[in-house]
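Throughout, read-outs are computed from the coordinates displayed, never taken from laboratory work. As the structure is a prediction and not an experimental result, all values here were calculated from the model. As a convention, Cβ positions derive from the backbone with ideal geometry for all residues, glycine included, and neighbour counts pool all protein chains shown.
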Amino acid sequence: MLFNSLEFFIFLPIVFILYWFVFKKHLKTQNILLLIASYVFYGLWDWRFLSLILLSTIVDYFVALKINTLEHQTKRKLWLSVSIIFNLGLLGFFKYYNFFVDSWVDLVSMFGYHMQSNWTLKVILPVGISFYTFQTMSYSFDVYYKKIKPTRDFLSFAAFVSFFPQLVAGPIERASNLLHQITNKRTFNYNQSVSGLKLILWGLFKKVVIADALGPLVDDIFTNYNSYPSSTLILGAVFFSFQIYGDFSGYSDIAIGTAKLFGIELMSNFKFPYFSRNIGEFWRRWHISLSSWFQAYIYVPLGGSRQGKYKTIINVFIVFLISGFWHGANWTFILWGILHAVIFIPLLVLGQNTKYKNTILAEHSKLPSLKEFFSVLSVFSIVTFCWIFFRSESITDAFGFIGRIFTDFSYLSYSHPMGYRMIDYYILILFFVFYEFLIRKDERSPFNFKSKILRFVIYTIIIFCMLLFYDDNIDRSFIYFQF
Amino acid sequence: MMIILIDHLFISNFNIMKKLFLRLLLYVFCIVLILEVLVRVFHLTKDYPVRFVDELGVERWVPNQEGYSVTGNRRQNFSKFNINSSGYNSYRDFEPSKDKVELALVGDSFIEGFHQPYYNSIGKKIEAKINGVEVYEIGYGGYDFADQLHLIHQYQSFFDLIDLVVIGIKFEDDLTRNEYGILKERMKLESPMYRSLRNIKLLVYLQNIGAFSAAIKMTTTLFSLGQNNTSIHKKEDVNATQKRYVKYIKNFQSLVTKYGYDKTRFVLLLDKENSPKVFLDFLDKNSYNYIDFGEEINQSKIPTTLIYDQHWNNYGRNIVSNLISVYFKERVNNH
């Protein structure tokens with residue numbers, strides 16, 4: 001079920017009413033409702049893959065309990081590896097199996113041996129597998145590191161794993177934040193619900209208006225890059241930057257907003273990443289739940305920054321490499337990860353990666369300084385350049401795309417493949433950037449204006465824009481579902 | 001004591017939620033009102049002319065209406081229509097006489113031309129190409145061959161004055177009936193309920209951008225649950241296709257026999273590429289003249305249809321008007 005579908009807008013009020021009116025008195029029944037609702041939410045896409053979620057839930061539930069009973073470090077590690085092997089095994093089979101087979105065949109053929117790729121399978125990638133496997137693994141990790149005590153309440157744990165707002169595309173939650181909210185009684189909070197509804201509205205705007213409107217343009221430019229000049233290709237890459245941001249942060253906002261309606265607070269996933277002043281800041285603002293996951297469960301266990309600069313660089317490189325690979329079974333993602341590592345590591349060496357850790361753009365002024373402006377622009381340009389690898393179908397396409405940018409220096413006005421006026425899109429993006437700048441201090445309050453009238457006007461404009469840019473003929477699924 | 005406390009909590013929660021729902025409703029109501037105003041002010045959606053069935057049983061538009069046709073999001077195609085005194089979208093009134101040279105285009109929405117400014121229609125283009133000829137565009141969205149021949153039959157005295165009648169025909173769509181009858185489904189659109197709904201411009205806009213298609217699809221799926229839908233997805237085999245072609249040709253013959261067809265003055269406008277050979281052979285064998293627009297339209301390197309609509313764009317209309325003009329001139333020369 002998609003957040004931007006009719007089914008969801010029927011499903012959500014039904015679950016909301018049942019949750020607060022029918023099952024409110026007993027926490028257990030409320031959690032059973034959450035669990036059933038989450039399984040329905042997922043099962044409407046493909047009920048067969050519910051078994052994977054259930055299996056992952058069962059494995060980590062018992063693994064965590066077992067780890068908790070053991071004192072011997074080796075045995076604890078052994079049980080932890082059960083969780084890791086099981087979850088990564090699921091991921092490996094459904095997401096990476098064909099990639100490994102094809103890569104092996106390619107490698108062998110490089111040495112002159114001709115092999116046919118008979119081992120590849122027609123495997124459907126279960127939606128959200130990368131998200132929920134990481135979430136369940138984090139639970140076992142936290143129990144292993146004694147950060148949390150495991151729960152004996154299986155239903156609550158299953159509801160934690162499958163909590164529908166964040167099940168298929170995150171934020172990837174930690175048990176330390178989410179599980180105790182599920183095991184404790186929730187009370188309806190007016191302000192929290194209003195805040196949730198506002199986030200849902202803002203998320204829908206980012207998805208329906210920004211991401212979906214730019215989608216056909218990006219598809220056209222990236223598919224036919226061979227026939228477009230440099231100016232159009234740059235435009236395509238910039239459009240993709242906004243598309244993926246609108247798509248993914250829009251999803252996260254809807255997820256956080258929906259969770260709020262059920263009295264649950266999820267972690268923030270995006271904090272205006274395109275207003276970052278260096279790439280270190282960007283990675284503290286983009287897909288925060290994944291970055292912090294990698295930091296907690298890969299970077300730190302590898303030694304983090306405690307074992308000298310050289311080891312730190314290696315650790316950072318590994319994290320970026322895995323991060324790229326996590327996104328998809330394609331060399332384009334791996335190269336994307338490596339590129340970010342290459343950009344990040346010099347900052348690390350110079351000790352600049354945490355420079356903007358506790359500040360925001362134009363923190364004490366209405367406008368950014370010239371230096372800040374150019375820093376933001378350069379980070380955005382670098383990130384946009386890297387997105388070319390992320391969006392391209394293959395490495396060859398990515399280099400072909402970049403090659404044309406640097407060789408075909410010509411300008412040609414770009415026309416929308418469906419005949420719409422391009423000026424609408426330029427105005428839209430400018431408006432979006434300007435508005436995001438206005439609200440940059442709090443990513444969880446997109447309409448934080450004192451005047452009620454102003455807020456009402458903004459709601460109306462946002463809904464009006466949704467009507468203006470809604471297109472029934474385009475694919476409205478979320479990009480991150482494929483990961 | 002505990003029960004009282006829980007009940008108290010429940011009631012207070014209920015009141016808070018009531019506040020939330022009421023506020024939400026108020027906001028939604030106000031926003032919907034403003035959106036209705038915005039849709040009207042920016043004229044984001046099309047105007048619907050009123051249709052009726054006249055005393056001779058012909059379905060057409062109520063004469064003398066004006067409005068704007070809007071296609072695509074954000075008013076991508078915005079054109080004025082002008083329903084003339086005869087109930088068709090045209091820049092001129094139809095006043096045929098023996099002293100003038102007239103050409104009539106009878107067809108469906110392609111001739112009706114709500115997707116184009118009415119003063120830049122195929123008829124207007126033909127008039128620009130042939131001196132002294134008056135072109136009457138008798139187009140109506142959804143007309144099939146039965147509608148067209150029935151119309152010509154009912155208004156025979158009018159059509160007798162016209163020198164050349166071009167009848168648009170799509171084999172696959174227009175020959176499903178062997179007899180004319182008023183299409184009740186179409187006329188339902190003029191029921192008080194539909195008319196009232198059409199007055200809510202926001203609703204019309206949402207329908208046009210496909211915002212309701214998910215709801216319609218869901219309703220259809222729900223209603224079709226448990227029904228055997230295999231026939232819908234079944235691909236037609238060669239025999240069935242041949243049988244259907246034979247049936248359509250029989251329908252053609254039946255309609256011609258019933259309502260008449262003047263082979264000396266009538267000519268069909270069709271796409272040869274999209275008409276089966278058996279039908280084309282039938283037309284040739286029985287001396288039905290036709291103009292093929294398919295070859296030039298389909299092979300054109302410049303787009304001939306609107307991007308968000310299947311109808312002919314200005315270039316497509318140029319091609320069709322050119323073909324009709326050439327045919328008309330040749331016919332005059334031959335006679």
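Remarks
- When only alpha carbons are used to place a centre, region A:45-61 and region B:50-93 end up 58 Å from one another.
- Listed residues B:V267, B:V165, B:V278, most fluctuating in chain B (Gaussian network, C-alpha, under 10 Å): B:V278
- Positive contributions from Lys and Arg (+1) and negative ones from Asp and Glu (-1), summed over other residues with Cβ under 11 Å from the Cβ of B:I152, come out at -2.
- Only lysines eight or more places from B:K46 in sequence, or on another chain, were considered; those with a Cα closer than 24 Å are B:K80, B:K124, B:K184, B:K188, B:K201, B:K217.
- Low-density loop positions, trypsin sites (Lys or Arg not before Pro), region B:61-132 - DSSP coil, at most 11 other Cβ in 10 Å: B:K98
- Label separation (A:S378 vs A:R421): 3.8 nm, computed from points 7 Å beyond Cα along the C-beta direction.
- When only alpha carbons are used to place a centre, region A:248-310 and region A:183-225 end up 17 Å from one another.
- About its Cα centre, the dipole of region A:353-435 is roughly 280 debye, where the only charges are +1 on Lys and Arg Cβ and -1 on Asp and Glu Cβ.
- Think of the protein assembly as shown as having a plus end and a minus end, set by charges on the Cβ of Lys, Arg, Asp and Glu; of B:T241, A:F41, A:Y228, A:F41 sits farthest toward the positive end of this dipole.
- A Förster distance of 30 Å, applied to the separation of the beta-carbon atoms of A:D408 and A:F317, puts the FRET efficiency at 0.35.
- If the Kirkwood radius is taken over C-alpha pairs of region B:113-152, then at 37 °C and 0.692 mPa s the Stokes-Einstein diffusion coefficient equals 283 µm²/s.
- About the centre of its Cα atoms, chain A shows a dipole size close to 2140 debye [charges on the beta carbon of Lys, Arg (+1) and Asp, Glu (-1) only; nearest 20 debye].
- Cross-link table B:K243/B:K272; A:K25/B:K19; A:K146/A:K271; A:K260/A:K441, entries beyond 25 Å C-alpha to C-alpha: A:K146/A:K271
- Computed from label points 7 Å out along Cα-Cβ, the spacing between A:F399 and B:T257 is 7.2 nm.
- Here the Gaussian network model covers chain B, with springs between Cα atoms less than 10 Å apart; of B:V204, B:V50, B:V238, B:V238 fluctuates the most.
- Helix B:145-154 axis, angle to chain B major axis (alpha carbon atoms, nearest 10°): 60 degrees
- Annotation note: trypsin sites (Lys or Arg not before Pro) in region A:393-483 located in DSSP loop regions with a Cβ neighbour count of at most 11 within 10 Å are A:K450.
- Three-way shape label, region B:118-260, alpha-carbon gyration tensor, a/c 1.5: oblate
- Helix-only mean residue ellipticity at 222 nm for the protein assembly as shown, each DSSP H run of n ≥ 4 adding -39500 (n - 2.57), per residue, nearest 500: -18500 deg cm²/dmol
- Net charge over other residues, Cβ less than 14 angstrom from the Cβ of A:A329 (K, R count +1; D, E count -1): -2
- Projected label points at A:L454 and A:F100, each 7 Å from Cα along the beta carbon direction, are separated by 5.6 nanometres.
- Across every pair of non-identical alpha carbons in chain A, the mean reciprocal distance, once inverted, gives a Kirkwood radius of 23.9 Å.
- In order along region A:12-29, phi translates into HN-Hα couplings of 4, x, 5, 5, 4, 5, 4, 5, 8, 10, 8, 9, 5, 5, 10, 4, 5, 5 Hz, rounded to whole numbers, per the Karplus curve 6.51 cos²θ - 1.76 cosθ + 1.60 with θ = phi - 60° and x for Gly and Pro.
- Gyration tensor (alpha-carbon) shape descriptor, region A:99-177, a/c threshold 1.5: prolate
- Projecting the Cα atoms of A:L78, A:V457, B:Y315 onto the charge dipole of the protein assembly as shown (Cβ charges, centred on the Cα centre) puts A:L78 farthest toward the positive pole.
- Hydrodynamic radius by Kirkwood, which averages 1/r over all alpha carbon pairs of the protein assembly as shown, in angstrom: 31.4 Å
- Given their separation in residues at 0.36 nm each and the Cα-Cα distance between them, A:R306 and A:V433 gain 41.8 nm when the chain is fully extended.
- Its Cα gyration tensor gives region A:185-319 an equivalent ellipsoid; the semi-axes, largest first and in whole Å, are 30, 29, 10.
- Proximity of backbone amide H atoms, modeled 1.01 Å from N, is registered between B:N313 and B:T305, B:L306 at under 5 Å, excluding neighbours fewer than 5 places apart on the same chain.
- Highest mean first, the peptides A:318-328, B:58-68, A:166-176 sorted by other C-beta atoms within 10 Å per residue fall in the order A:166-176, A:318-328, B:58-68.
- Helix B:238-259 and the longest principal axis of the C-alpha atoms of chain B enclose an angle of approximately 70°.
- Choice from B:I111, B:I324, B:I200 showing the highest fluctuation, given a GNM over chain B with Cα pairs closer than 10 Å: B:I200
- Proximal charge balance of B:K201 [Cβ under 11 Å; K/R count +1, D/E count -1]: +1
- Taking the Cα centre of region A:145-276 as reference, the dipole from Cβ charges on Lys and Arg (+1) and Asp and Glu (-1) amounts to some 860 debye.
- In chain B, the alpha-carbon atoms span a convex hull of 196 Å³ per residue.
- Residues whose placed amide H lies under 5 Å from that of B:K80, excluding near-sequence neighbours: B:S69, B:Y118
- Backbone HN-Hα couplings from phi across region A:442-451 [Karplus 6.51/-1.76/1.60, Hz, Gly and Pro as x]: 8, 6, 9, 10, x, 10, 7, 10, 5, 6
- Sequence-distant residues sharing a close amide H with B:L268 (under 5 Å, placed H): B:I167, B:N289, B:Y290, B:I291
- In sequence order, calculated HN-Hα J values of region A:189-200 (Karplus, 6.51, -1.76, 1.60; Hz; x Gly/Pro): 10, 4, 5, 5, 5, 4, 4, x, 4, 5, 5, 4
- All Cα-Cα distances of region A:326-413, cut into 10 Å bins from zero to the largest, leave 14, 34, 30, 20, 2 percent in each bin in turn.
- Were the residues from B:T241 through B:Y194 laid out at 0.36 nm apart, the gain over their Cα-Cα distance would be 13.2 nm.
- Between region A:62-77 and region B:161-194, the alpha-carbon center distance in angstrom: 77 Å
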